[in-house]
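What follows is a single structure, written as structure tokens, with notes after it.
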Amino acid sequence: MPNVCHDQRCVIRPLTFAILRMLSDGNYHSGTELGQALNVSRASISNTLQNLESYSLTIHKIPGRGYHWLNPVQWLDNGQIRQHLGESADSMQIEIVDMVESTNALLLQRAIDYGIFTNKIKQVLAAELQTHGRGRRGRSWSSGLGDSLTFSVLWPSQCAVNTLSGLSLAVGVAIIRALASLGIHGMALKWPNDVLSGSGKLAGVLIELHGDMLSPGTVVIGIGLNLKLSGVTKDRIDQEVADLASITGKVPDRNQLLAVLLKELAAVLDTFEQHGFEPFREEWTHYHAFQDKMVQISLPDSSVRNGIATGIAPDGALLVSTSAGVLQLRSGEVSLRKLAEHEHQPGN
Ligand code: BTN
């Protein structure tokens, strides 16, 4: 059966990845050559390369010349990532997989199955393609092959689980710092941890925890960052999105970008472990997209409140001044949007 896929839960087969890797040199390769190299028939190659448009992968077949991949992706490469990381690589174990349902889910499951790691090594899992990417509040996170960075870090934190409020905000600061170090400026943070460019979402963070509230637990930090979203991916997303290619006019080097993100994340985690969120509060507020703006909060009971986002508490709670007093938002189940001028309603 060909790997036709109109549904994001479908998968690309391992053979497809093997062929794509051969085609990613930008040259023409005949079906016979590909088949011989991969020990499969020409028919198998031909079947495998059909209908990849549903992944926004455009493979041309030119009679007499062979297959040619028009828009090859830049693959993640452990060696290059480690090179960009320099000595920061010593505190990380990095694994790259072609395809996984969710890097967060897999790392969390491994931690549950094998226990908490007592050494200081952070385990990084990056995927070329996630088939069931998870977002906050039960939402999904959509990405396509090579059009994003999708990775998770298993952090062997010494922090008790109940001291981790504010961690997701600190991770947002790490992303902003990483982008800035590559000359990409002008991003903003939306509480608790979206990275915005204008009103489009550029990156999201999902922190998942496992363990007893009062002791150090398993912390998995997942980051999705849009690089050059294909039309197929954009069509799956039901909110305004941004990607780095549109912001900077070019697609960044994925390996360098991942390394810089990991380096900044490691530095932020080390500080957070010692001092909590407080050292990041001023910087977070500086990038706060809605600072002193009128916002609408949707609470888990479906009620809504309007107020002015006045800042962040030392533990990372969002402070919203309403007619009924100052609300401190801690729950990840709360959603937030900026109110347009005409929606401002004093008194609710
Ligand atoms: C959000 O903004 O809703 C959070 C999105 C987090 C997406 C990343 S992609 C890598 C990691 N694995 C997942 O399944 N989710 C996170």
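Details
- Residue within the range 106-123 that is closer than 18 Å to residue 265 by Cβ, open to solvent by less than 10 Å² (accessible area, probe 1.4 Å) and modelled with pLDDT of 90 or more present: yes
- In the range 256-348, counting only strands (runs of 3 or more DSSP E) that sit wholly within it, the ones holding 2 or more residues that are farther than 22 Å from residue 202 by Cβ span 294-298, 304-312, 318-322, 325-329.
- Close pairs from the range 217-229: first closer than 18 Å to residue 167 by Cα and touching a residue at least 24 places away in the same chain (Cβ under 8 Å), partner within 12 Å of the ligand (Cβ to nearest atom) and in a loop (DSSP other than H, G, I, E, B), Cβ under 6 Å, at least 6 apart: 224/141
- Qualifying residue in the range 198-219 (condition: within 13 Å of the ligand (Cβ to nearest atom) and at pLDDT below 90): no
- Test: residue in the range 171-180 that is within 16 Å of the ligand (Cβ to nearest atom), closer than 18 Å to residue 129 by Cα and touching a strand residue (DSSP E or B) at 6+ places or on another chain (Cβ under 6 Å): no
- Test result for residue 243, without any contact (Cβ under 8 Å) to a residue 12 or more places away in the chain, under 25 Å from residue 198 (Cα atoms) and within 22 Å of the chain's Cα centre (by Cα): no
- Long-range neighbours under 8 Å by Cβ, at least six apart or interchain, first residue on the phi > 0 side of the Ramachandran plot within the range 268-282, second part of a helix (DSSP H, G or I): 276/163
- Breaking point among (1) of a type outside the set (Ser, Thr, Tyr); (2) buried (at least 20 other Cβ atoms within 10 Å of the Cβ); (3) farther than 25 Å from residue 169 by Cβ, for residue 236: (2)
- Residue 40 being free of Cβ contacts under 8 Å to residues at least 60 places away in the same chain and touching a strand residue (DSSP E or B) at 6+ places or on another chain (Cβ under 6 Å): no
- When we screen 99, 92 for residues that are in the same structural domain as residue 179 (by TED's automatic domain parsing) and under 29 Å from residue 57 (Cα atoms), the only hit is 99.
- Residues in the range 74-96 that are open to solvent by 30 Å² or more (accessible area, probe 1.4 Å) and either within 16 Å of the ligand (Cβ to nearest atom) or in contact with a Phe, Trp or Tyr (Cβ under 6 Å, 6 or more places away or on another chain) (or both) were compared, and the one that is farthest from residue 24 (Cα to Cα) is 95.
- Pairs where the first residue, in the range 131-152, is near the ligand (Cβ under 8 Å from one of its atoms) and the second is of a type in the set (Ser, Thr, Tyr) and assigned to a loop (DSSP other than H, G, I, E, B), C-beta under 7 Å, 6+ apart: 132/102; 133/102; 133/142; 133/143; 134/102; 150/143
- Cross-chain or 6+ apart pairs with Cβ under 7 Å, the range 65-87 first and at pLDDT below 95, then of a type in the set (S, T, N, Q) and surrounded by fewer than 17 Cβ atoms within 10 Å (Cβ to Cβ): 66/30; 69/24; 70/58; 71/58; 72/24; 73/24
The values are calculated or read from the model by the stated rules, or taken from the named source; none is laboratory data. Keep in mind the model is a prediction, meaning the values are calculated, not measured. Don't worry about glycine lacking a Cβ; one is built from the backbone with ideal geometry, like all the others, and counts go over all protein chains shown. Heavy atoms of the whole protein, side chains included, go into the accessibility calculation; ligands, DNA and RNA do not. Shrake-Rupley method; radii C 1.70, N 1.55, O 1.52, S 1.80 Å.
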